[in-house]
Amino acid sequence: EKERSLNFLEHIIEEDIREGFPKDNLRFRFPPEPNGYLHIGHASSICLNFGLGQEYNAPVNLRFDDTNPAKEEQEYVDAIKRDVEWLGYKWDTECYASDYFQQLYNWAVELIKNGKAYVDSQTSEEIAAQKGTPTKAGEESPYRNRSVEENLELFERMRKGEFESGTHVLRAKIDMASSNMLMRDPIMYRILHKKHHRTNNDWPIYPMYDWTHGESDYIEGVSHSFCTLEFAMHRELYEWFLDNVYENGRVKPKQREFARRNLSHTVVSKRKLLQLVKEGVVNGWDDPRMPTISGLRRRGYTAESIRNFAKTIGIAKRENLIDVSLLEFHVREDLNKKAPRVMAVLDPVKVVITNYPEDQEEWLDAENNPEDESAGHRKVPFSREIYIEREDFREEANRKFFRLKLGGEVRLKNAYIIKAEDCVKDSEGHITEIHCTYDPLSKSGSGTEESMRKVKGTLHWVSVKHAIEAEVRIYDRLFTDPEPDAHKDRDFMEFVNPDSLEVSKGYLEPSLKDAGVEERYQFQRIGYFCVDKDSEPGKLVFNKTVGLRDTWAK
Ligand code: ATP
Ligand code: MG
Ligand code: MG
């Protein structure tokens with residue numbers, strides 16, 4: 001019945017259903033730690049989990065994995081919610097691991113009572129030194145065989161805040177000789193006198209990730225807990241912890257792993273992105289050069305283009321590097337359908353149409369989007385003086401140059417055919433003006449024979465006296481290396497591209513005067529642009545999202 005091919009995680013779910021797992025019990029979650037903004041790697045996990053929710057008509061929780069107050073903040077919680085919503089997904093329940101602190105504590109007490117956990121009073125260095133190696137068993141802590149009573153008392157005092165940070169930990173009592181190093185009496189709690197963004201100073205002890213994650217899944221009734229490959233070795237511990245709290249009849253969550261997605265010419269790690277922000281390499285988490293969801297959004301990416309990208313790359317079992325040009329392909333494809341066309345000149349040279357009356361102007365008809373008839377038409381003003389792009393004119397050029405050259409003709413988009421007659425230069429030989437004549441009968445769409453006349457080139461332009469000036473921010477890759485953080489002997493910061501931002505001025509047709517923040521346009525013949533939040537009335541700022549064609553490969 002299902003025709004589309006399933007990915008390996010969907011096969012796992014299908015198999016569970018075939019073996020009798022009730023479909024109604026399916027539940028997924030997306031579990032970010034609020035220690036930074038979401039990035040394009042997270043988009044894969046979001047699209048996977050929420051996509052499964054849609055496919056199986058199952059709820060998906062948004063769970064904040066907030067167990068480390070040293071790095072987490074409310075600002076990040078808010079940003080994550082905003083970004084998931086903007087991507088177009090709705091969570092069933094907004095959950096916080098910190099809401100389970102009491103339950104986790106109660107379970108930890110049970111583990112102690114059952115002889116499955118103990119308080120270790122060694123320093124972290126001592127504990128680390130006893131870990132052993134994958135081929136050599138670890139050493140047991142001298143505190144490993146403390147009595148249940150002593151453990152209960154110490155753990156209670158840890159919880160009451162009687163001890164300094166780092167003086168005791170609670171460890172699971174598993175197996176110091178396990179071939180899986182993570183099973184060698186992993187730490188469940190540490191003492192940390194640090195204010196938490198939600199629980200304030202209620203807790204001087206904080207549960208570790210491994211102890212928290214599976215139990216949170218269990219509490220919420222998550223059936224399938226999909227995480228990235230680095231947790232594959234943790235699965236054994238995930239299951240050990242679950243087995244110790246599990247009550248019959250409840251859903252037992254299943255952890256499975258998929259490969260992290262990496263994008264070329266950037267870094268997808270909140271820690272590294274935070275460093276870029278802190279060191280001022282970029283102007284905040286939503287800087288349009290950042291691979292964050294909010295940065296991509298500000299750059300002009302649509303949610304649909306990011307979802308399409310995530311769907312196209314799909315889910316894999318092995319890590320690889322996805323070329324950023326694939327992401328750009330998807331935004332180009334989406335904006336081609338959606339973005340209204342406008343004319344803007346970014347590097348202007350003035351054209352004077354000598355046979356066009358000085359006091360005349362006319363408003364010409366222009367189609368908003370040839371890909372979308374419903375987008376309608378607008379009027380653009382034409383007058384005796386216009387700007388064209390400097391690179392669209394040459395005094396002399398060979399026959400392959402289909403733009404304007406002396407003695408040659410081009411069509412002005414939505415307007416007339418002009419012929420270059422002469423040009424004016426300053427004392428340094430720099431062209432300051434091009435003098436042209438126009439063919440009054442050649443107006444686009446006028447139906448005359450001249451209007452149908454084929455000339456090789458069509459140029460975009462704006463009327464000088466009607467043009468509005470805007471700031472235009474043009475971006476290049478943030479890193480010069482395709483994998484800046486994959487070099488063993490060099491730090492990723494060494495590969496920051498010093499020229500990733502170019503600020504220039506553009507001249508736009510006046511229809512853009514009231515363009516609102518985040519509106520996206522195609523500047524014809526140049527690329528896609530989006531109104532930046534730094535815009536003010538009368539002072540527009542545009543971000544270049546992407547060029548019309550992939551120019552990176554050349
Ligand atoms: P980071 O290094 O950026 O902090 P993380 O894995 O620590 O990444 P979390 O907030 O824990 O970040 O991630 C939430 C979910 O998103 C997790 O299930 C995680 O596995 C997944 N995820 C994070 N990064 C990627 C990525 N690059 N590709 C796919 N999934 C990812
Ligand atoms: Mg994590
Ligand atoms: Mg992390």
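Taking amide H atoms as placed 1.01 Å from N in the peptide plane, the amide H of Thr228 lies under 5 Å from those of Phe258, each 5 or more residues away in sequence or on another chain. Relative contact order for region 97-203: 28 percent, from Cα pairs under 8 Å spaced at least 6 residues apart, divided by residue count.
With a ≥ b ≥ c taken as the square roots of the eigenvalues of the C-alpha gyration tensor of region 305-397, please select rounded if a/c is under 1.5 and otherwise prolate if a/b is larger than b/c or oblate if it is not? Each step should come with its number before you reach the end.
Values: a/c = 5.45, a/b = 2.12, b/c = 2.57.
Note, shape of region 305-397 comes out oblate.
Per residue, what volume in Å³ does the convex hull of the Cα atoms of region 344-460 enclose? Don't skip to the answer; put the middle values down first.
Working: hull volume 13.8 nm³, N = 117.
That works out to 118 Å³ per residue.
Rounded to the nearest 500, what is the 222 nm mean residue ellipticity of the chain from helices alone, with -39500 (n - 2.57) per DSSP H run of 4+ residues and division by all residues? Write out the running numbers ahead of the final one.
Details: 13 runs with 140 residues, N = 554.
One gets -7500 deg cm²/dmol as the mean residue ellipticity at 222 nm.
Near the amide H of Phe479, within less than 5 Å, lie the amide hydrogens of Asn497, all on another chain or at least 5 residues away, with H placed in the peptide plane. Take the cross-link list Lys272/Lys337; Lys136/Lys254; Lys270/Lys317 and give me the ones stretching past 27 Å between alpha-carbons. Among Lys272/Lys337; Lys136/Lys254; Lys270/Lys317, the Cα-Cα distance tops 27 Å for Lys272/Lys337; Lys136/Lys254.
Give the shape of region 1-114 as rounded, prolate or oblate, defined through the alpha-carbon gyration tensor: a ≥ b ≥ c are the square roots of its eigenvalues, a/c under 1.5 means rounded, and otherwise the shape is prolate if a/b is larger than b/c and oblate if not.
oblate
Mind checking the angle between helix 101-113 and the chain's longest principal axis? C-alpha axes, 0 to 90 degrees, to the nearest 10. The angle comes out at about 30 degrees.
Measuring between their Cα centroids, region 506-525 and region 131-155 lie 66 Å from each other. Could you tell me the relative contact order of the chain? Use alpha-carbon pairs under 8 Å, at least six residues apart, and round to a whole percent. So the answer I get is 12 percent.
Here the Karplus relation 6.51 cos²θ - 1.76 cosθ + 1.60, evaluated at θ = phi - 60°, turns the backbone of region 336-343 into coupling constants of 4, 6, 9, 7, x, 8, 9, 10 Hz, with x for every Gly and Pro. Across region 370-379, computed HN-Hα scalar couplings (Karplus, 6.51 cos²θ - 1.76 cosθ + 1.60, θ = phi - 60°) run x, 8, 8, 4, 5, 5, x, 10, 9, 10 Hz from first to last residue, x flagging Gly and Pro. Of the trypsin sites (Lys or Arg not before Pro) found in region 426-474, those in coil by DSSP whose Cβ has at most 13 other Cβ atoms within 10 Å are Arg453, Lys454, Lys456, Lys465. In region 8-258, Cα pairs under 8 Å separated by at least six residues give a relative contact order of 18 percent. Working note: Karplus 6.51/-1.76/1.60 with θ = phi - 60° gives region 416-427 the couplings 10, 8, 10, 10, 7, 9, 6, 9, 10, 10, 8, 4 Hz, where Gly and Pro are set to x. Within region 237-303, which trypsin sites (Lys or Arg not before Pro) sit in a loop by DSSP and count at most 12 neighbouring Cβ atoms inside 10 Å? Answer by residue number: Arg250.
Let me check I've understood the local charge: for Gly407, count other residues with C-beta under 15 angstrom from its C-beta, Lys and Arg +1, Asp and Glu -1. What total comes out? All intermediate terms of the calculation are to be shown ahead of the outcome.
Numbers: positive: Arg394, Arg399, Arg403, Lys405, Lys419, Lys456; negative: Glu395, Glu396, Glu409, Glu421, Asp422, Asp439.
Here the count lands on 0.
Which angle between 0 and 90 degrees, to the nearest 10, do you get for helix 148-160 versus the longest principal axis of the chain when only C-alpha atoms count? Relative to the chain, helix 148-160 is tipped by roughly 40 degrees.
Starting from the Kirkwood radius over alpha-carbon pairs of the chain, derive D by Stokes-Einstein at 20 °C in a medium of 1.002 mPa s and give it in µm² s⁻¹.
Numbers: Rh = 27.7 Å.
Result for D is 77 µm²/s.
Region 218-287 and region 165-186 have Cα centres spaced 21 Å apart. Solvent-accessible area per residue in region 261-399 equals 45 Å², computed with a 1.4 angstrom probe and all protein chains kept.
May I ask for the net charge around Val345, where only other residues with Cβ less than 11 Å from the Cβ of Val345 are counted and Lys, Arg are +1 while Asp, Glu are -1? Result for the local shell: -2.
Within the accessible area of the chain, the carbon and sulfur atoms contribute 45%, probe 1.4 Å, all protein chains present. The separation of region 13-89 from region 375-454, counted between C-alpha centres, amounts to 54 Å.
Applying both filters, DSSP loop and at most 15 other Cβ atoms within 10 Å, to the GluC sites (Glu not before Pro) of region 1-50 gives Glu1, Glu3, Glu19. The C-alpha atoms of the chain define a longest principal axis, and helix 209-220 lies at about 80 degrees to it. When a/c is below 1.5 the answer is rounded, else prolate if a/b is larger than b/c, else oblate, so apply that to region 185-332 with a ≥ b ≥ c taken from the square roots of the Cα gyration tensor eigenvalues. Oblate, since a/c reaches 1.5 and b/c is not below a/b.
The values are calculated or read from the model by the stated rules, or taken from the named source; none is laboratory data. As the structure is a prediction and not an experimental result, all values here were calculated from the model. Here Cβ is always computed from backbone atoms with ideal geometry, including for glycine, and neighbour counts include all displayed protein chains. Side chains included, ligands, DNA and RNA excluded: accessible areas come from the protein's heavy atoms. Shrake-Rupley method; radii C 1.70, N 1.55, O 1.52, S 1.80 Å.
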